[in-house]
Structures are given as structure tokens and as C-alpha cells.
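One structure is given here, and the rest of the page talks about it.
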Amino acid sequence: MSGIVLTSGWVVGALIAVTIGAAVATAAFWDRGRFRIVHRAAGLIIVQLLLLVSIAAVVNRQANFYVTLGELFGQGGDTYAQTLPVDAPRLSADGGGRADLERWLADHPTAPGRGTVVPATLAGASTGYALPAQIYLPAGYTAPAGPRGDLPVVMFLAGYPGTVYSWLDSVGVGAALDDAIGAGRLPPLIAVLAEQDPVRGRDSECVDSALGVRADTYLTTDIPEIVHRHFRAAAGRQNWAVVGYSTGGFCAVNLALRHPDRFAAAASLAGYFRPLIDRSTGDLYQGDLDLRRANDPWLMIGRQQRAPLHLFLTAGAADRAAQRDLKAFAPMVRAPDTAVVIADRPGGHNFTTWRSILPDLFTWLDRHLRAGRDTAA
């Protein structure tokens with residue numbers, strides 16, 4: 001039961017059908033039998049509950065909050081295989097899966113001016129995790145006349161709950177990248193929409209926790225190794241950026257501060273900047289104050305022993321919690337670090353707000369990724 005995929009069409013359709021059936025049955029038996037007040041009340045309650053569940057299922061399908069029933073009820077486990085197509089290649093740092101990747105690309109040609117998204121399992125050597133991802137490749141990536149040379153890489157991290165489909169389906173980043181690259185507002189790039197929670201149904205905060213979950217290592221060591229092995233990804237920190245919304249925003253800033261050799265730029269869309277412990281995370285630090293401090297952007301932003309970091313920080317004007325965190329953190333950014341802060345745009349803590357900020361985000365990314373390529377040249 002825990003493996004039931006809540007975002008599948010048949011599950012949502014079945015819930016809607018049951019809701020309609022319950023409404024029809026309640027109306028049909030409204031004036032029949034004894035104890036009419038009881039069965040009328042029961043019928044109305046059941047229909048209303050089913051209606052709420054159906055609406056929640058439709059919203060969940062659109063936003064990709066919870067993929068499986070087990071995840072909804074906080075049950076960990078290896079349910080990731082159900083989130084990808086059966087023909088999705090499994091890629092590893094030792095080159096495994098290369099033939100499957102080439103076959104997938106050959107079987108899924110792209111339309112002119114449109115990139116392709118490769119669903120893949122990324123099997124890490126350092127952690128042993130095999131987690132799903134979506135890899136965006138720009139238009140013409142495999143064509144003779146397509147973009148040449150190694151391409152910059154942007155890693156996109158979702159909020160919690162969220163999936164590797166959230167940036168694509170809910171924020172629309174794939175189509176937005178197509179348009180921006182096609183119009184010359186971004187250089188051709190590789191986007192990695194990565195899974196950040198090794199234990200399904202548990203928010204990892206993208207850290208290597210005291211409990212033994214190694215999300216940080218997977219994201220900053222395993223994924224770059226795999227991407228470099230299988231795709232034309234540029235080397236050097238100046239060619240890598242990390243972007244996240246909500247929890248993913250904390251992840252982006254924290255990972256970039258912790259790994260100055262990996263990322264030169266990080267963007268937080270409605271993120272926060274202090275390590276979190278709550279019901280969704282569990283106690284990630286187990287009382288280890290040094291570990292918690294090592295994952296605290298407030299403490300790391302003032303250190304100068306690392307390479308400069310370029311930050312993009314934003315939150316919708318109606319997103320009170322994110323606004324509060326943003327306005328407290330942004331003044332702490334000091335040279336040689338830089339920060340672009342956008343805090344005056346309308347909107348709350350939602351996908352519509354984050355979708356509307358993409359043009360500004362891409363302008364910022366364009367500046368830093370092109371500067372990185374010029375430096376490398």
C-alpha cells in the first residue's frame with residue numbers, strides 16, 4: 001500500500017469517481033429508509049471529506065509534493081524507482097549506463113529550439129545512493145550544429161515536500177530555460193534537477209547528518225562526478241551554480257558556503273538561513289553543536305578564508321517568514337562576496353511567485369556563467 005503512486009492519473013481519477021459516486025448515492029437515498037437524519041448527515045460528511053481529498057490529490061499531482069502513499073505518511077524506504085520511467089538510464093561515476101543514455105537520447109529526439117530532459121537514476125560511488133534526477137540538456141546538445149565545448153551546470157533543488165519534477169512541472173523551469181537560451185539571455189547549459197532526500201519522506205536539509213544520512217556528499221561529490229562522466233559539463237567552480245526554493249534555498253546557500261571549490265554562485269528563492277530541526281527533519285545533529293554550526297549560513301557567511309561567493313536572494317513581498325529571514329541575512333554579506341537582493345516583488349510562498357522571478361534569476365545566472373566561461377577561456 002505504501003508504494004501507491006499518488007501522482008498517477010488513475011489514483012486521482014479513482015478518487016474523483018468515488019467522490020461523485022458518494023454524492024450520487026447520498027442524493028439517491030436522501031429520503032429513503034429509517035434514521036434519515038443520521039444517514040443524511042453521514043452522507044454529507046463522507047462526500048465533503050472525499051471532496052477535500054480529491055482536491056488535495058489534484059493539487060498534489062500538479063505540485064508533486066508527495067509521490068507515494070508511504071511518503072505522505074512519513075514512511076522512509078526505497079520507493080524512488082516508481083518516480084521514473086522504466087527506460088530511464090542508471091548512470092554511475094564509473095561510466096555505467098552510458099549505452100542506455102545514448103539509446104535514450106536517440107529514442108527521444110527534441111523539437112527545434114527545445115531542450116531535452118533525461119530522467120535518470122544517479123548512482124553515487126561515495127554514498128552508494130541511487131536516486132532519481134532530471135537532467136536538462138539544451139537544444140541541439142547532440143546535434144552536429146549544436147552547442148560546442150563543455151557547458152556550465154546549474155543544480156536545482158526543490159523544497160520539502162517536493163520531487164525532481166517540481167521545478168519542471170510546477171515552476172516550469174524547462175520551458176523557461178528553452179526560451180532564455182534561445183533568446184540569448186542565457187548560455188547553453190546543463191541543469192541537474194536532483195533528489196536531495198536520500199530517505200524518502202524525510203527532509204535531509206541537504207546535510208551529512210549525525211544519523212548517517214549523507215545528502216551533502218551525494219549532492220556535492222557523487223552528482224558532479226556522474227555529470228562530468230556522462231555529459232559535457234565544464235569543470236571549475238566558476239562554471240557551477242546551485243539554485244533552490246524554500247528548503248532548497250537553504251540547501252543552495254549552505255552547500256555553496258560549505259563547498260567553495262564546487263560552486264561560485266548560489267540562489268535562494270524564499271529560503272531560510274539557519275539550520276532547521278522539526279518534525280520533517282528529525283534531529284539531524286543529535287546534539288553535535290560543531291556539526292550544526294558547520295551547516296549554519298549565518299556563521300559561515302562572515303568567513304573570509306574561502307573563495308568569493310555570488311548570491312541571488314529573493315522572497316515574495318507577502319511571504320512574511322522568508323522576508324524576515326532575507327532581510328536579516330542579506331546585510332551580513334560582505335565583500336568579496338556579492339548579493340543581488342529582490343524583496344519587493346508581489347507574491348507569497350508559492351510556485352507562481354518563484355516562476356515570476358525566473359527572468360531576474362536568469363539575468364543574474366547569465367552574468368556569472370558567462371564570466372566563468374570567459375575566465376576559463
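The values are calculated or read from the model by the stated rules, or taken from the named source; none is laboratory data. Worth saying up front: this structure is predicted, and the values here are computed from it rather than measured. So basically every Cβ, Gly included, is an ideal-geometry build from the backbone, and we count neighbours across all protein chains shown. What goes into the accessible areas is simple: the full protein's heavy atoms, side chains included, and nothing from ligands, DNA or RNA. Shrake-Rupley method; radii C 1.70, N 1.55, O 1.52, S 1.80 Å.
If you take the residues in segment 176-194 that are open to solvent by 10 Å² or more (accessible area, probe 1.4 Å), in a helix (DSSP H, G or I) and touching a residue at least 60 places away in the same chain (Cβ under 8 Å), which one is farthest from PHE351 (Cα to Cα)? Only one residue tops the list, namely GLY182.
Criterion first (out of contact with any Phe, Trp or Tyr (no Cβ under 8 Å at 6 or more places or on another chain) and under 17 Å from SER92 (Cα atoms)) does ALA133 satisfy it? Judged against the criteria, ALA133 is a match. Residues in segment 278-332 that are open to solvent by 20 Å² or more (accessible area, probe 1.4 Å), under 21 Å from ARG262 (Cα atoms), in a loop (DSSP other than H, G, I, E, B) and not charged (D, E, K, R): ALA294, GLY302, GLN304, GLN305, ALA307, PRO308. If the condition is being surrounded by fewer than 24 Cβ atoms within 10 Å (Cβ to Cβ) and not aliphatic (A, V, I, L, M), then segment 137-159 contributes PRO138, GLY140, TYR141, THR142, PRO144, GLY146, PRO147, ARG148, GLY149, ASP150.
Take the conditions crowded, with 24+ Cβ neighbours inside 10 Å, of a type in the set (A, V, I, L, M, F, W, C) and over 23 Å from GLY172 (Cα atoms) and apply them to PHE263. Does it pass? So PHE263 fits the description; yes.
Among the candidates ASP107, ASP208, ASP197, which residue alone is buried (at least 19 other Cβ atoms within 10 Å of the Cβ) and either over 25 Å from PRO260 (Cβ atoms) or in contact with a helix residue (DSSP H, G or I) (Cβ under 6 Å, 6 or more places away or on another chain) (or both)?
Of the residues listed, the single one that is buried (at least 19 other Cβ atoms within 10 Å of the Cβ) and either over 25 Å from PRO260 (Cβ atoms) or in contact with a helix residue (DSSP H, G or I) (Cβ under 6 Å, 6 or more places away or on another chain) (or both) is ASP208.
For segment 81-102, a residue qualifies if it is of a type in the set (Gly, Ala, Ser) and either exposed (fewer than 12 other Cβ atoms within 10 Å of the Cβ) or at pLDDT 85 or above (or both), and the qualifying residues are ALA88, SER92, ALA93, GLY95, GLY96, GLY97, ALA99.
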